[in-house]
Every structure is written in structure tokens, then in C-alpha cells.
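Below: the structure, in C-alpha cells.
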Protein chains: 2
Amino acid sequence: MSRQPSGRSLLTDLYQITMAYGYWCQGMHERESVFHLFYRSPPFGGRHVVAAGLVTALEWLDGFALSASDIAFLKSLVGNDNQPLFRDAFLADLSKMRLTIDLDAMREGSIVYPHEPLLRVRGQLWQCQWIETALLNTINFQSLIATKASRIRDIAGNDSVLEFGLRRAQGVDGAMSASRAAYLGGCDATSNVLAGKAYGIPVRGTHAHSWVMSFETERESFNAYADAMPNNCIFLVDTYDTLEGVRHAIEVGTRLRNTGHTMVGIRLDSGDLTSLSIQARMLLDAAGFQDAKIVASNDLDENAMREMKAAGSPIAVWGIGTKLVTAYDQPALGGVYKLAAIQDGNGKLSPRIKLSETAIKTSVPGVLQVRRYYRDSHAVGDILYSELTGPPQSPMAFAPTAKREPHDLSEHDASEDLLVPILRGGQRVATLPSLIESREFARAERLRMSPSTRQLEDAPPYRFGLEERLSQLRENMITQATVTNVESAK
Amino acid sequence: MSRQPSGRSLLTDLYQITMAYGYWCQGMHERESVFHLFYRSPPFGGRHVVAAGLVTALEWLDGFALSASDIAFLKSLVGNDNQPLFRDAFLADLSKMRLTIDLDAMREGSIVYPHEPLLRVRGQLWQCQWIETALLNTINFQSLIATKASRIRDIAGNDSVLEFGLRRAQGVDGAMSASRAAYLGGCDATSNVLAGKAYGIPVRGTHAHSWVMSFETERESFNAYADAMPNNCIFLVDTYDTLEGVRHAIEVGTRLRNTGHTMVGIRLDSGDLTSLSIQARMLLDAAGFQDAKIVASNDLDENAMREMKAAGSPIAVWGIGTKLVTAYDQPALGGVYKLAAIQDGNGKLSPRIKLSETAIKTSVPGVLQVRRYYRDSHAVGDILYSELTGPPQSPMAFAPTAKREPHDLSEHDASEDLLVPILRGGQRVATLPSLIESREFARAERLRMSPSTRQLEDAPPYRFGLEERLSQLRENMITQATVTNVESAK
């Protein structure tokens, strides 16, 4: 809850500030407005996203305050006419701006479907706009990585999953926030020591090829490692010849066993991991090392893991780097942040819609909330409703894009609203769970999904729709906007 | 040159610390060693990488020092036996460790080919290992983005290129360091205000759809924007109907013109950008706005730009976001950091090799330097040589992977060594250029490439090879390692 200026309050797109200036010139900047942060298309061929990044976003919001040097920088900006971009009176008001927004959000670890707000921001127009970019940056990326990690966790089953991505991550914070989100999404540990210190994530790691190469022979290097850490040996066996490396590990493991220690395992980092792991398992078992674990790394993700498991690979610990921390197969989540209501001239909150030639990209107007319905502790469907038009009177979910029969969720035995109050007037009104609690929540939420919805691909669509009056309002607004537009074109 | 502890010195993989501990246990930790940072496979279907990130890496190195809380964290780590992972005497030595390495590096903006060291680190083994991960993180990502930006710049020609990626970047630093590298690689400006302040990059931006939606009509919103910033109007025209939006922009632009101002342009952010830009251009020209620029954004990269330009699109300003700042089509550069020499028992620096079943992944031993040859101010080829075996006696470049005739670079009229001294004994010995100077250097270096090598894809291979004695040494070491391994298997 500290309110130390972060020095990062300028982390926004310039157009947020030029718009703030425009609103200020119009005397509109304090007008109440409502924005939703949501995504339209789920990543990785799945049906859902695991929400993450809220705590990080709140740290940025808590530290929000423009410093004298921030204001000086804005004062230095000039336009095409080489004149100052902003008037001094505006900058003076900016320097006093403090966030007084209301924020409602899904908990980290929640399962989120397309068009459902992960965050709802309500407050002064210029504040809501300013914070857009930092919210998107944080929530988009961490949700993407938590989603990827949850897919890997599903395939891993009871195996261990270690996140090893620091060296290939997109910058320092690309690594730090990926470690955080990967742990939240289901990884067991990270190689990133600073992330371990900062977030309390368990850290893991043994040795690299350079260790082996620093000695005259591989055997000598394994012996030296065993001398230093006799109870923590996972030997990397592929510096020269992998199966030869396994034999050297067994030799040194035998020496450890004879002196009262236990070799933890071996690591494979190149070659055909399935075939090598099967051969290594046989060698280890034949030498009495049934408990020694086989760790594997090298360009792995949930798809490779699934294939390797199907092919009988006995790998028990998965080191996942690049493909997890960069979400290699889809490195960005296309989350957006859209205006959905604004105070009109009469002081009344009035819904707004953004049209698109693509029907699915036309936004949902209002002050939105997501109600999730359950039966036997499994989610059966969601209804998006607006607090302006009211909560569902019946559990019918109207599809937003087509004139179809609504989904009937009458079979439910429980329901809950997913957006919970986090900030009121800029002040925290919720105690947020720790990272490990959010990780546990994410695990529990995955179990509340039907197994079919959780499939890596080709899952049946989840039942989602709009509340009836909201659906009607939206249809009317689309018609009205089109008519207005045609008239304005005359 | 400040030496303020950054608090980020634990930004490393745990195995770097367990190895440091192992070396310390063996009394080997201060042994002199040499590591190279290089990549094997160029991204995006091209032939080269634009080096970037050195300045950021040096900031991390300058701030290196383990704090009391860092040491306390390491002291808290336990192994599989639930005993402390590290002995106190080791942690005491660690707390006193300061970097005394020698660092040689290619300048930011240099053109780098596969297997060529971007960085060479020489110094105490435990120090060289510790810094590996942070170096890789910084250099891999920024070089990737600078490379992507340089490809975009090549296609843009004299058009403006604006980096708009903050909202979809991989975390805060994923955005900040992408903005830096994108500018270095050839972008003209960023939307990220904090990056503008931190790095001196020009910032650009106008307004979003939410601006238009905050007013009753699009026309009203354009008028309000024009009132606030009459000389800086780029109207976003696609909130409702794009060509209708262009007509509204022309109306407001006409009013601006009649009051002594100039509409700068319009922005398209959805739909068929080629067709819409052509139609918009005709409308603008017909209304006398020949100088108004068409800005376009929405999932653009060099490939989309090339197609749109070929199809006659009159877009003059390109806003590039997600696909640039995440390097969407290849979101990681597989840079590695390999031991290539280490002090042996006699105190002599002795080359080391890492074998691989894939010949191309077998490393190059020695203390490496890259000599580039030029003719008529164009680079014609590079020779990798080792300072242990000596510089090229003749300009012959021996292919590292196949028994082929060497490339003969005799036609050269100039040559230079690309790795330059940056740190000696941990102290700076070079004054680094500013970001804008490095950007200019990158531009000049691109012009020193032959146009064919710079092609987006299917470029002819660049002539690269090893110096003759280095090539022979490497062949001998491969043979020797294989023989040793076979003997050790008996």
C-alpha cells in the first residue's frame, strides 16, 4: 500500500497525454468514464486465458505520481510547429493529478474467456486513459505466460516443471515477470535467482557444459561436482557423448552411494530426448539407480512434451525456457482496453460502442460484470451483464455475434460474479493473495473447468453470452450508430 | 561509470552460483577463462544480426555487487538434503567479489554473422560464469529487435517508422529495451513516453478510438482535437466508417486551413490498409490536401509493408507495434555463451571445445577476434581468428563445417578487427557512443553491406571462415576429443 512514486508514471503512450490535454482543453478531463480490459482471441489454439499481472499492475498504480522531471520532460516536447505541445496550466494540473479510480478485477489465476473483462476501470477520463498502456503491458504479458504455463502443467501431470528462460527472455523484466507468471500458472521453480528472491519462487539449477569443459575429462568434472555438493548432483551428460556421459554419471553416482549420498539424477540438453531418455533410464535402472531422475531441457513446450510422453519418454523433470517465457508460438496476447460508458452532458453514465466491420470486434457497451454458473463444482457457462441494465433475470446467455438461440444455463447449482472491487477512489479495498495463494487458486480454477474445455486444442466452445437486455441494447446501438452514420454521410 | 549497486546482481541462473561454489571448493574459481557470446542461426530468414544491448549490459555490470540481503537469500537456500546449499566461507568470499573481467565487444549497430563473437569475456572463471545470463538476456533481446527494426527500415526507405509496441511488449523492460533497440535499428520515434525520457528517443502519438467515442459524433471529436492542437492533427478515421472518417477529417482540415493551420494527416488502424489508403489519398488530394500524410498501423511488419508498397499503397508513416517489439515471427535470438579457453595446471591459457552431434554446433576454441575485409567500402568477408594462434597470415577464410575450398578475400583494400576493448580489469577503457550515435553507426554499417546480403530473404551467403591455423587446431581438437572419448569408454 506504499505510495512511493515509482519514477515510471510516464510509462504510457504519448497519445494518452495528448488526449488528456484535449479533454482538459474541452473541460471534459474529469468526466466519469468506464473502460474494460479484455481480449478477443485465445492464444495457443486453446479456449481460455489464465488471468495474471494484477499485483504487478497495482504496484505501478500505487507508485503513480508525476515528478518534477517528468513534467519538465513533457514541457520540453514540441509539435509540428516547433511550439510546446502542452500549455503550462495543463502541466500544472497534471503535476497534481493523483489516481482516484475505481478498479474491479478478476483474481489472478481466474479462467477468462474472450470478451470478458479481466479489469474494469471507472473514473476520471484522463486518469483512465493515462493508465491504459501500463495496464495492458502488464496484464497482456503475464496472462499470456500464465496461460502457457498452465498448458505445460496440464501435460506434465505430476512431473516437475522448471522455468529456465532468463537468458532468452525479452529483457530483464520480460524475464522477471515471466518467472512470476509461469510460477502462478503452474511451474514448480525457476532458474532465475533474482525472481526467487523477489517473489519467493523456489530456485533450481545444477551445472552447465562449461563446468564439464573446465576440467580435463567429463569424469573428473562429475567427481569435482560430487565433492562440492554430494547430495545435489544432477549431472549434465551431453557435453561430449550422451550415453558415455550417463555411464560416467553412474560411476560417480556409485561412489556417492558408497559414501552415504544419493545422486539426484542426470540432465539431457540435446539430441533426440525421447530415445536418449529411454536408453539412459535403462542404464540407470540396470545400475540400481531407479530413483535417479531424468531431467530434460532444449526447446521444450507442451506440444513437444505431449509427443515425448506419448512415445514413452521417462523424463520426470522438464526444464522449459525460451518457448515458455517468450510464448514462442504466440508471443503477444492481443488484449485491448475499450471505452464502454461515459458521463453525458446531464451527468448520467451513458453506454458507448465501438463498431467494426468485423462483427466480433464491435465492443460491448455498459458497466460490465461477468457471472459464472457452476454445476457440481464445474463451470458450465458465463453471462456478461451490465450494471446499467441489471444482472441476469434468467440464466440465458445470448451470443454476441449471431442471431442464435441463447445458451440455457438453467442446470446450474451455483453462480458468482468474477470482477471484485480492488480500488475505490484510488484506495485499496481488497487484500490481495500472495503469489503462492494465487498459484493454488489457479490450480483450483483449472480443476473447476470441464476437462474438455481444458484440452490443448479443438476443445468444444465454452458457453458464453450476453444478458438479454444488454444484448438488446447492443443490437439497438449498432443499428442506431449505422443510421447516424448514414445520415451524417448525406 | 557510476558504481552504484543495482540490486539486480542476482539476475543469474542458479547453476551459475552452484558452479561458482563447485569451482571455489576446487580452488579453481579464480582461474583465468575466456567465454564468447555468439549466435548460430540468423533470425527472420536473413543472414545477419545487428548488435545491440552493450550499453544496457554495461550498466548491469557497473552496478554489480552482492548486497547483504542477496547473501542472506543465498544463505537461505537448501539442497535435497534440506541442508544449506552453500558454506558460509563461500558466501563470505562472494560478498567481497567485484568484477575484474576484461570485456571486448562489437560496437552497437555492428553487423554480426553466425559464430562471430559479439562479446568476449576474459577473467576469473566464477565471474565469467555469473554474468553469463544477464549478458545473454540483454544482448539476445536487443540484438533481435534492432535486427527486426533494421529490416523494417530497409523496406520503409524514406518513410517514417514509429514504434508503438508498449501495450503488447513482454513486460515493462521488454517495452523499454525494445524501444531503445528499435530506435538503434532504424525507427524514427516511439510512442513510449518513458523511453523518450530515459533514452532521448523522439516521442509521437495523437489520439485513439476512445477520443472519438467520448464525443457524440466523430465530427465533433475531430473539431475538439483541432481546437486543442491545431498544428498537430492526425485524425484517426476508422472508429465507425473509415472513408466517412476521411471526409470528416477533410472538413475539419479545411476549417484548420481557413484559420491558418495545417492538418498533418490521417491514421488508418483497421481494414484493408492498402485499398483504404489509396481511396483516402484520392479524397485528400481532391480536397487539396496533397501534403497530408497517411499513417497506418495494425499488425504491420516488414513483410506486410513490402506487399503494401508493391500494391501501390501511399502510406507515408508506419506505426509498428507488436510484431516489432516482440519480434513476433521469431521472438528469441538463440545466442549462447561458451567457454573457449581456460588456464591449465601450468598457468597457461588452453583452448577448449564443446562437441556436438551437429557439426555446426561444435564450438570454436581460442581467444577469438573477427577481422572484416572491405573493398570499395563494402564488406566482402570475415575471418575468425584466435589471438592464441595468431591473426590471418593470408586473407583465406576456411569454412568451419565442411572440407571446402576456403574463401579467398584477396580483393580487399581494407580490413579491421571488430571486437574492441571495453573493460580491462573491470574498469571502462572505452567511451561509448550515445544512442543516436550508435543509430547513425548502424545506418552506416548497413550501407557497408552489399545490397544483396541485406535482402530480407534468400540472400547469398556472406563469406565467413576461420583463419587457417585456427581451423587446423579445431579439426585436431575434434579428432582428439573423439579419440579420448572412445578410450574413456573402454
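For chain A, the relative contact order works out to 19 percent when only alpha carbon pairs closer than 8 Å and six or more residues apart are counted. With θ taken as phi - 60° and the Karplus curve 6.51 cos²θ - 1.76 cosθ + 1.60 applied, the whole-hertz 3J(HN,Hα) list for region B:339-354 is 5, 10, 6, 8, 4, 8, x, 8, x, 9, 6, 10, x, 10, 10, 10 Hz, x standing for glycine and proline. Accessible surface for A:H209 stands near 20 Å², nearest 10, in the context of the full protein assembly shown (1.4 Å probe). With a/c under 1.5 counting as rounded, go ahead and sort region B:46-188 into rounded, prolate or oblate using the C-alpha gyration tensor (a ≥ b ≥ c being the square roots of the eigenvalues; past the cut-off, prolate if a/b is larger than b/c, else oblate). Prolate shape, in that a/c is at least 1.5 and a/b is the bigger ratio. Amide H contacts of B:K354: B:S363, each under 5 Å away and 5 or more positions distant or on a separate chain (H built 1.01 Å from N in the peptide plane; Pro and chain starts excluded). Show log10 I(q)/I(0) for region A:134-266 at q = 0.11 Å⁻¹, two decimals, from a solvent-free Debye sum over equal Cα scatterers. Treating every Cα as an identical point scatterer, log10 I(q)/I(0) equals -0.51. Region A:314-371 and region B:260-298 have Cα centres separated by 28 Å. Give the shape of region B:137-181 as rounded, prolate or oblate, defined through the alpha-carbon gyration tensor: a ≥ b ≥ c are the square roots of its eigenvalues, a/c under 1.5 means rounded, and otherwise the shape is prolate if a/b is larger than b/c and oblate if not. The shape class here is oblate. Per-residue Karplus couplings for region B:79-95, computed as 6.51 cos²θ - 1.76 cosθ + 1.60 with θ equal to phi - 60°, are listed in order as x, 5, 8, 6, 9, x, 5, 10, 6, 4, 4, 5, 5, 5, 5, 4, 5 Hz, Gly and Pro entered as x. When both bridge partners sit in the protein assembly as shown, DSSP labels roughly 70% of those beta bridges antiparallel.
The B:E59 and A:R375 beta-carbon pair, evaluated with R₀ = 60 Å, returns a calculated FRET efficiency of approximately 0.60.
Taking every C-alpha pair closer than 8 Å and separated by at least 6 residues, the mean separation divided by the residue count of region A:120-251 gives a relative contact order of 17 percent.
Interface residues of region A:181-195, defined as a loss of at least 50 Å² in heavy-atom accessible area between the chain alone and the complex of all protein chains with a 1.4 Å probe, are A:V193, A:L194.
Kirkwood analysis of the Cα pair distances in the protein assembly as shown returns a hydrodynamic radius of 29.9 Å.
Distance distribution note for region A:397-458: the fraction of Cα pairs above 13 angstrom is 80%. Helix B:273-286 versus the longest principal axis of chain B: what angle, 0 to 90°, nearest 10, using Cα atoms? Taking Cα atoms only, the helix is inclined about 40 degrees. The value obtained for region B:9-98, namely the Cα convex hull volume divided by the number of residues, is 153 Å³ per residue.
For B:I422, the amide hydrogen comes within under 5 Å of the amide hydrogens of B:L103, B:D104, B:A105, counting only partners 5 or more places away or on other chains and with H modelled in the peptide plane. Of the accessible area of region A:16-122, computed with a 1.4 Å probe over protein heavy atoms only, carbon and sulfur atoms account for 47 percent.
Helix B:132-156 and the longest principal axis of the C-alpha atoms of chain B enclose an angle of approximately 40°. In terms of overall dimensions, region B:220-272 has a Cα radius of gyration and Dmax of 10.5, 34 angstrom. Rounded to the nearest 10 square angstrom, A:I278 shows an accessible area of 60 square angstrom against a 1.4 Å probe. Tally up the carbon and sulfur contribution to the accessible surface of region A:251-335 as a whole percent, 1.4 Å probe, everything protein left in place. That share works out to 49 percent. For region A:359-459, with all protein chains in place and a probe radius of 1.4 Å, 50% of the accessible heavy-atom surface sits on carbon or sulfur. Chains A and B together bury some 9200 Å² of accessible area, summed over both sides, with a 1.4 Å probe.
Computed with every protein chain present, the accessible area of B:D62 is close to 10 Å² [probe 1.4 Å].
Averaged per residue, the protein assembly as shown has 36 square angstrom of accessible surface, using a 1.4 angstrom probe with ligands and nucleic acids left out. In order along region A:293-298, the phi-based Karplus estimate (6.51 cos²θ - 1.76 cosθ + 1.60, θ = phi - 60°) of 3J(HN,Hα) comes to 8, 9, 9, 10, 8, 2 Hz; Gly and Pro are listed as x. Pair-distance distribution P(r) for region B:249-337, from all Cα-Cα distances in 5 Å bins starting at 0: 3, 13, 22, 18, 14, 10, 8, 5, 3, 2, 1, 1, 0 percent.
In µm²/s, what is D for chain B at 37 °C and 0.692 mPa s, where D = kT/(6 pi eta Rh) by Stokes-Einstein and Rh is the Kirkwood radius from Cα pairs? My calculation gives 130 µm²/s for D.
Using a/c under 1.5 as the rounded threshold, could you call region A:353-490 rounded, prolate or oblate? The axes a ≥ b ≥ c are square roots of the C-alpha gyration tensor eigenvalues, and prolate needs a/b larger than b/c, oblate otherwise. Judged from the Cα gyration tensor, region A:353-490 comes out prolate (a/c at least 1.5, a/b above b/c). Distances between placed amide hydrogens fall under 5 Å for A:H29 paired with A:W24, all partners being 5 or more residues away or on another chain.
Loop-resident trypsin sites (Lys or Arg not before Pro) (DSSP state other than H, G, I, E or B) in region A:1-96 with no more than 14 further Cβ atoms inside 10 Å of their Cβ: A:R3, A:R40, A:R87.
The values are calculated or read from the model by the stated rules, or taken from the named source; none is laboratory data. Model, not experiment: these values are computed from the prediction. Positions of Cβ are backbone-derived with ideal geometry, glycine not excepted, and every protein chain shown enters the neighbour counts. Quick note on the areas: whole protein, heavy atoms, side chains included, nothing else; ligands and nucleic acids left out. Shrake-Rupley method; radii C 1.70, N 1.55, O 1.52, S 1.80 Å.
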